[in-house]
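A.B. asks: Have a look at this one.
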Amino acid sequence: MAEESLLDQLKESVQYIRNMSKMRPRVGITLGSGLSGFVKGVNVETIIPYKDIPHFSPSAVDGHPGNMILGRVGETPLVVLQGRVHYYEGHSMERVVYPTRVIAQLGIEKLILTNAAGGLDPNMKPGDLMLISDHINLMGTNPLIGPNISALGLRFPDMTAAYDRELIEIAATILRRRKICHSVGVYCGVTGPTYETAAEVRYLHMIGGHAVGMSTVPENIAAKHMGLRVLGVSCISNLATGLSNNSITHDEVKETAARVEKDFTDFLVELISGL
Ligand code: HPA
């Protein structure tokens, strides 16, 4: 995609959204598999189906409705991406991160990326939350490959603070006070769509991973490229292959997410109200 045309597309998407809503969100949140119930905690102002937004790819995965929602949590103006597109669906990386780029252009300063992930640490239990301290990109590609668009960010972005320390501290304080079982750890981003083999799970744990999933890493990279502060939250929906006797299904992933919905929503409402 030529430099000008991606910028032109972003402008068109942003213009469409601004025509639908005058709200100027300060915070963005992307909701992962089965986690879209969080919108019950939002004072919704406008719902825009992805299919109506110019240049958006509709999300096709079960458990991922495709809507952009503008609203408030407490006093904080917020934009929600209810559902995401994944690399394994066959979209290019540029398309995978396109919604993240659009909400950055809407003016958000902070982005919360949520996902369902497999736990690599035998001490984890399905339903635990993990605050992402860092990631390992194992997708074999990077959304910034190609000509750099200097209007969006640097050619070689620094990833020292890929996940914002202060946001992790604030989130951890809330989770502790609410007695919600959580840890802080490293997220391994893989392409999927297969779940991992037992040997892959041993490898991921050995190289320093605590959770594994098929999203979040590209969006984090695009967000850092554009200078956003990012918080990542994984809902540990299952123990990764080899760590439990059950085989993994997408239904299990969604069921666990549904079970933690209330804690997850209450935590995020408190967090976002204070941002
Ligand atoms: N592996 C990869 N992605 C996932 C998993 C998993 O075990 N659970 C939810 N998303």
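Bear in mind these aren't lab numbers, they're just calculated from the coordinates by the rules spelled out. All values derive from a computational prediction rather than experimental measurement. FYI the Cβ positions are ideal-geometry reconstructions off the backbone, even for glycines, and counts take in every protein chain you see.
A.B. asks: Rank I180, M226, S215 by how far each Cα sits towards the positive end of the charge dipole of segment 100-254 (+1 on Lys, Arg Cβ; -1 on Asp, Glu Cβ) and give me just the farthest.
C.D. replies: Selected residue: I180.
A.B. asks: Using θ = phi - 60° and the Karplus form 6.51 cos²θ - 1.76 cosθ + 1.60, what ³J(HN,Hα) does each residue of segment 219-225 get, whole Hz, x for Gly and Pro?
C.D. replies: These are the phi-based 3J(HN,Hα) values: 5, 4, 4, 5, 5, 5, 3 Hz.
A.B. asks: Just round it to a whole percent: the fraction of Cα-Cα distances in segment 105-161 exceeding 15 Å.
C.D. replies: 69
A.B. asks: Please report E252, E270 as a ranked list, fewest other C-beta atoms within 10 angstrom at the top and most at the bottom. The partial results should precede the final answer.
C.D. replies: Working: E252 16, E270 19.
Least to most surrounded, the residues fall as E252, E270.
A.B. asks: I've got another one for you. Would you kindly derive the ³J(HN,Hα) couplings of segment 156-162 from the backbone phi angles with the Karplus curve 6.51 cos²θ - 1.76 cosθ + 1.60 (θ = phi - 60°), listing them in order in whole Hz, with x for Gly and Pro?
C.D. replies: These are the phi-based 3J(HN,Hα) values: 10, x, 6, 10, 4, 10, 4 Hz.
A.B. asks: What residue among T30, T100, T197 shows peak mean-square fluctuation when the chain is described by a Gaussian network model with Cα springs under 10 Å?
C.D. replies: Per the Cα network of the chain with a 10 Å cutoff, T197 tops the list.
A.B. asks: Still on this structure, I have one more. Determine how many Å³ per residue the convex hull of the Cα atoms of the chain encloses.
C.D. replies: 112
A.B. asks: A further question follows. Under 8 Å for C-alpha pairs, at least 6 residues apart: give me the relative contact order for the chain, rounded to a whole percent.
C.D. replies: 26
A.B. asks: Principal axis extents for segment 181-275, Cα atoms only, whole Å, descending order, please.
C.D. replies: Extents along the principal axes: 41, 32, 22 Å.
A.B. asks: Between beta-carbons, use under 13 Å as the cut-off and find the net charge around V212, counting Lys and Arg +1, Asp and Glu -1.
C.D. replies: Working: positive: R202; negative: D121, E196, E200.
Every neighbour counted, the sum reads -2.
A.B. asks: Using the Cα centre as the reference, give the magnitude of the dipole from point charges on the C-beta atoms of segment 4-163 (Lys, Arg: +1; Asp, Glu: -1; all else neutral), rounded to the nearest 20 debye. Can you show the working numbers first?
C.D. replies: On the way: 14 positive and 14 negative charges, 82 e Å.
Taking the Cα centre of segment 4-163 as origin, the dipole is about 400 debye.
A.B. asks: For a quick size check, give me the Cα extents of segment 73-231 along its three principal axes, largest first, whole Å.
C.D. replies: Cα spread of segment 73-231 along its principal axes, largest to smallest: 44, 40, 28 Å.
A.B. asks: Would you please name the GluC sites (Glu not before Pro) within segment 12-81 that are DSSP coil residues with at most 13 other C-beta atoms within 10 Å of their C-beta?
C.D. replies: Within segment 12-81, the qualifying GluC sites (Glu not before Pro) (loop, at most 13 other Cβ atoms within 10 Å) are E75.
A.B. asks: List the aspartates and glutamates whose alpha-carbon lies under 16 Å from that of K224, not counting same-chain residues fewer than 8 positions away?
C.D. replies: Excluding near neighbours in sequence, the set is E94, E109, D134, D158, D164, E166.
A.B. asks: If you don't mind, another one. Please identify the trypsin sites (Lys or Arg not before Pro) of segment 81-161 that satisfy two criteria: DSSP loop assignment and at most 12 other Cβ atoms within 10 Å. Which are they?
C.D. replies: R155
A.B. asks: Please compute P(r) over all alpha-carbon pairs of segment 20-114, binned at 5 Å starting from zero, and give each bin as a whole-number percent.
C.D. replies: Bin by bin from 0 Å, the calculated values are 3, 14, 27, 28, 18, 7, 2, 0.
A.B. asks: May I ask you to compute the full-extension gain from R176 to E109, defined as 0.36 nm times their residue separation minus their alpha-carbon distance, rounded to one decimal in nm?
C.D. replies: 21.6 nm
A.B. asks: What are the ³J(HN,Hα) couplings of segment 263-275, residue after residue, when phi is run through the Karplus curve with 6.51, -1.76, 1.60 and θ = phi - 60°? Round to Hz, x for glycine and proline.
C.D. replies: 4, 4, 5, 4, 4, 5, 5, 5, 4, 5, 4, x, 8
A.B. asks: Report, in debye and to the nearest 20, how large the dipole of the chain comes out about its Cα centre when Lys and Arg carry +1 and Asp and Glu carry -1 on their Cβ.
C.D. replies: 580
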